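Every number in this text was worked out from the coordinates using simple rules, so none of it is lab data. Everything quoted here is computed from the prediction, not taken from an experiment. Glycine gets a Cβ as well: all are built from the backbone with ideal geometry, and neighbour counts include every protein chain shown.
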Amino acid sequence: MKLETRTQPLTIAEKTKLKAYRYTDMKKIGMIQASSLLDHDALEAFIESIMPTLQTDSAKVAASVFMKRYAYIAVLSLYSISALNKKLNIQADNVFFEAPIGTGSWLPKFFLEKAEAEKWDGGDHNQWRKQAITELFAGHIFPLIDLLGKVTGVSKLILWENVAIYIMWLYESELAGQAPPDDDFNFIFNETEGAVFGKYRRNPLTKFFTEKTYQEDLDEMVRVRKTCCFSYLTGDKDKRCKTCPCRQLEMEGKCANGTDNICEAVRSIT
């Protein structure tokens, strides 16, 4: 069967839905074009520029926390694919995001220069879906993660898990129980080969999906991360996230994690 596609401007209703996931249809002064960060010197300068906002003097910490903020581009894109059956134009030169101003919280919104999407219109849906997520991961996210690792020395495992946690949140919370999205979730984490995510032989997200477990000291079900994201080293946040794998190690006095050492949790899965 012939695969047919169609690119259309986003409707007002679609833009309204996407705004719940940090999309904005207004380009603001000072927004940063995503493609500009795919240059070594430019990315290095950018990471240095956000350190005051994040209140850290570590490039590794800044890189990890930046990726936690930027990972929302995956939420925006995958929501469109799974809920709207449309593939956004998320080429790096089409994506702009808000730069941090001053100190404090920074949750950037994303602007698309061409507010358009390709609608699946018959044909092989698996092929269309695979192409869509390949453009997102291998085409957009992987080049940034790869360069962040080279520029700052931060583990790419940490950066990929920073992306994975938001994808899991999207499908388990926002789109929970909906048949097509449930299938998309399984496709992304379990059925897709490494090349869809970049220069990988294996899917880099698979290892991060585990069942939630009961944490007695928290009295709740929690999916413990595989890596520490270093958020506790920013600003006035003096304790680890409840999902941090090093939380228990720290309580036992066994964690050697720090800005100059590889995260012990990362070491355990490499």
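Less than 11 Å Cβ to Cβ from residue 191, Lys/Arg counted +1 and Asp/Glu -1: what total charge do the surrounding residues give?
The answer is -1.
Which pairs break 28 Å Cα to Cα here: 68/207; 68/150; 86/226; 199/242; 27/242; 150/226?
From the list (68/207; 68/150; 86/226; 199/242; 27/242; 150/226), the Cα-Cα distance tops 28 Å for 86/226; 199/242; 27/242.
Kirkwood hydrodynamic radius, the stretch 1-127, all distinct C-alpha pairs: what's the number in Å?
Details: mean 1/r = 0.0629 Å⁻¹.
Evaluated on the stretch 1-127, it is 15.9 Å.
For Cα extents along the principal axes in Å, which listed value, [x] 48, 46, 33; [y] 59, 42, 34; [z] 55, 40, 36, comes from the coordinates shown?
[y]
Can you tally the net charge around residue 7? Count Lys and Arg as +1, Asp and Glu as -1, for every other residue whose Cβ sits under 11 Å from the Cβ of residue 7.
+2
What's the ranking of 119-128, 71-80, 54-63, 197-206 by average number of surrounding C-beta atoms within 10 Å, highest first? Walk me through the numbers on the way to the answer.
Working: 119-128: 13.9, 71-80: 23.1, 54-63: 20.8, 197-206: 16.4.
Output ranking for 119-128, 71-80, 54-63, 197-206: 71-80, 54-63, 197-206, 119-128.
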